[in-house]
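Engineer: The structure that follows is given in the form of structure tokens.
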Amino acid sequence: MNNDNKTKSNDTIFSFTVDRRTIFKSSINSFLIQIIFRLKGFITAPILTYLMLPSEMGVLNLIVVTSSVFAPFVNLNLPDGSAIYFSRERAVEKIRTMYLTIVNTIGISAILVTLIASLLIYFLRPDLYKYAFWAALLLYANIFYQMSSFLLSTYQKTGLVVKNAFVRDSSATVMSIFFVYLGYSYKGMVIANVIAFLVSSFLLLRIVTKNMSYAFTIDTSYLRAFLKLSIPLLPVFFFSWIIQSSDSYFLAYYKGEGIVGKYSVIYGITNVILTITYALNFFWVPVSARLWVENREKFTQAFRLLFTLFLTILLMIVLLFELNSKMIIHLLIRREEYYDAYVIMGILAFSFAMQVLITLLTAPLYSNKNTRTIFFAHLIGGLVNTILNFLIIPSTGIFGAAISTAVSYLTVVLVMSYMSYKLADFAFLNKHLFYIIGLFVFAWGGIFSAREYFEMYQSILASILVIIVIGAIVYFKVLEKKEREYLFLFLKEFNIKRVIA
């Protein structure tokens, strides 16, 4: 009887069905909870910018980006690279073997990376130890959380993970404010996040270990299969980091840590857009991997609708950030030293919008096992970013850094779109979208020129007008009849699900 119950529990944990209910349960619930916790940037910005100088925020940003660059070299991208194998596997014992192979391999990798990095710092830059320590704490707390959560995410147990993430980030926010108030500055914020991540990791790990026992084992056949997909993606993460974070080092070198702090504050406000990426990561890769094999036509239909809607929503969000940039920064930021950074808000919002599109575009190429193409797109974007950083940051500061990041991400989107057509034979663009893009470029140029003269009520009225006009054009001119019917079917099913819940 106990064995039957255990089997039933395992089947529930490690199985999911690809249907509209699964997609909406994973994406909408993740999106709603992430919206709540991402708003912490809006909630805490007035407090943290009052308590911390731009230079202190700059040091924190440098610690965070340093931690992020080492992450793929520690985890070898195994959680993401193995997702396609986990999503197609249903046998519990095989899942256990694959999971333990990944966990133990990353454990060994973490030890080796720590030893190598420590030796390099000791012989080359011992003065960096004071910052390396805090970066390492943040790095390994994040790695441990990833090891505790990625299996549940892959098998669409998003309810467990997103609730855990909400509690994690809420507690981290409260502790951060408390420690900063006590005078611990950026160190207090690191400590708060490390504590929250470790506690949340143990809570998730308890759920995973109920369904499998730990053993120090590494299956070399599985590891080789995982590495064939994960290792080629390592350069993708590295060049993605170059696009996203390397400008902080350029700004620190040419303009000082205070400028990095201003840049990071606007970055923290606009990254609310990445809420969408977070929701996509919970369901998009495993669902896409399976649909690509099981029903290519259904996948194409869903992707075309998703891309159209996401592009429209993202471009509207960019325009809204540009319109309301001065109002947002004056409402959220308490120190005048930060105020002049509002000029980059719309540009950074565009960068985050492009990151969301990259997450969408990665799915067909990844499912078609075109990982080298994904790397090539990020390589081109990374090279463009590095060249622009050298050329324009020394003279233009944060404005140049924002431009460099936006152009680089746009380059990645264009290259991946072209390769989806050429290599994966995946025609997903609605030709009417080009009208929307043209309208967006025209509207953004006008808003950028006129925003200096807008009063608060004028910004609000213009924002409403943007939403109505672009929304109407997309619905009546861009979406085809079948796509509108498909959308209504999704919304109807989602509404029924929420009523029942």
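Engineer: Would you mind finding the one in Arg96, Arg90 that is of a type outside the set (A, V, I, L, M, F, W, C), more than 30 Å from Leu128 (Cα to Cα) and touching an Asp or Glu at 6+ places or on another chain (Cβ under 9 Å)?
Structural biologist: Within the list Arg96, Arg90, the selection yields Arg90.
Engineer: Just for the stretch 268-279: of the residues that are open to solvent by 10 Å² or more (accessible area, probe 1.4 Å) and within 12 Å of Gln355 (Cβ to Cβ), which one is modelled with the lowest pLDDT?
Structural biologist: Tyr278
Engineer: On the basis of being more than 26 Å from Met212 (Cα to Cα), at pLDDT 85 or above and open to solvent by less than 30 Å² (accessible area, probe 1.4 Å), does Ala135 make the cut?
Structural biologist: yes
Engineer: Just wondering, is there one or more residues in the stretch 59-70 that are buried (at least 21 other Cβ atoms within 10 Å of the Cβ), of a type outside the set (A, V, I, L, M), outside any helix (DSSP H, G or I) and in contact (Cβ under 8 Å) with a residue 60 or more places away in the chain?
Structural biologist: Taking every residue of the stretch 59-70 in turn, none turns out to be buried (at least 21 other Cβ atoms within 10 Å of the Cβ), of a type outside the set (A, V, I, L, M), outside any helix (DSSP H, G or I) and in contact (Cβ under 8 Å) with a residue 60 or more places away in the chain.
Engineer: Tell me which of these Gly183 doesn't satisfy, since it passes every other one: (1) among the small types (Gly, Ala, Ser); (2) open to solvent by less than 50 Å² (accessible area, probe 1.4 Å); (3) within 30 Å of Pro54 (Cβ to Cβ).
Structural biologist: Here Gly183 clears every test but (2).
Engineer: While we're looking at this one, here's another question. Name the single residue that is surrounded by the fewest Cβ atoms within 10 Å (Cβ to Cβ) among those in the stretch 389-401 being within 20 Å of Asn271 (Cβ to Cβ) and either of a type in the set (S, T, N, Q) or free of Cβ contacts under 8 Å to residues at least 60 places away in the same chain (or both).
Structural biologist: So the residue we want is Phe399.
Engineer: Does any residue of the stretch 72-82 turn out to be open to solvent by 40 Å² or more (accessible area, probe 1.4 Å) and within 17 Å of Ser245 (Cα to Cα)?
Structural biologist: Checked the stretch 72-82: at least one residue is open to solvent by 40 Å² or more (accessible area, probe 1.4 Å) and within 17 Å of Ser245 (Cα to Cα).
Engineer: Still on this structure, please answer the following. Can Tyr366 be described as within 19 Å of Phe237 (Cα to Cα), among the aromatic types (Phe, Trp, Tyr) and in contact with a Ser or Thr (Cβ under 7 Å, 6 or more places away or on another chain)?
Structural biologist: no
Engineer: Look through the stretch 220-267, keep the residues that are among the β-branched types (Val, Ile, Thr) and in contact (Cβ under 8 Å) with a residue 24 or more places away in the chain, and return whichever of them is nearest to Met52 (Cα to Cα).
Structural biologist: This residue is Val265.
Engineer: Here is a further query. I'd like to check something: does the stretch 164-174 contain any residue that is free of Cβ contacts under 8 Å to residues at least 24 places away in the same chain, open to solvent by 50 Å² or more (accessible area, probe 1.4 Å) and either not assigned by the TED database to the domain that holds Arg90 or not acidic (Asp, Glu) (or both)?
Structural biologist: yes
Engineer: With at pLDDT 90 or above and within 30 Å of Phe376 (Cβ to Cβ) as the only criterion, which of Leu198, Leu234, Leu251 stands out?
Structural biologist: Exactly one residue qualifies, and that residue is Leu251.
Engineer: Asn142 is checked against (1) within 23 Å of the chain's Cα centre (by Cα); (2) open to solvent by 50 Å² or more (accessible area, probe 1.4 Å); (3) free of Cβ contacts under 8 Å to residues at least 60 places away in the same chain and fails just one. What number does that condition carry?
Structural biologist: All conditions pass for Asn142, except number (3).
Engineer: Something else about it: Quick one: would you say Thr386 is over 18 Å from the mean Cα position of the chain (by Cα), closer than 15 Å to Ala401 by Cβ, surrounded by fewer than 24 Cβ atoms within 10 Å (Cβ to Cβ) and touching a residue at least 60 places away in the same chain (Cβ under 8 Å)?
Structural biologist: In short, yes.
Engineer: Filter the stretch 317-360 down to the residues that are among the polar types (S, T, N, Q), over 22 Å from the mean Cα position of the chain (by Cα) and open to solvent by 10 Å² or more (accessible area, probe 1.4 Å) and list them by number.
Structural biologist: Asn324
Engineer: Within the set of pairs 6+ apart or on separate chains, which have a first residue in the stretch 110-128 that is within 18 Å of Ala71 (Cα to Cα), a second that is in a helix (DSSP H, G or I) and at pLDDT 90 or above, and C-beta atoms under 7 Å apart?
Structural biologist: Ala110/Val74; Ala110/Tyr140; Ala110/Ile143; Val113/Val74
Engineer: Another question about this same structure. Please specify each residue of the stretch 405-433 satisfying the condition of being in contact with a Pro (Cβ under 6 Å, 6 or more places away or on another chain) and modelled with pLDDT of 70 or more.
Structural biologist: Across the stretch 405-433, the qualifying residue is only Ser420.
The values are calculated or read from the model by the stated rules, or taken from the named source; none is laboratory data. Note that the structure is a prediction, hence the values are computed from the model and not measured. Methodologically, a virtual Cβ is constructed for each residue, glycine included, from the backbone with ideal geometry; neighbour enumeration extends over all protein chains shown. Each accessible area value is taken on the protein alone, full model and side chains, heavy atoms only, with ligands, DNA and RNA left out. Shrake-Rupley method; radii C 1.70, N 1.55, O 1.52, S 1.80 Å.
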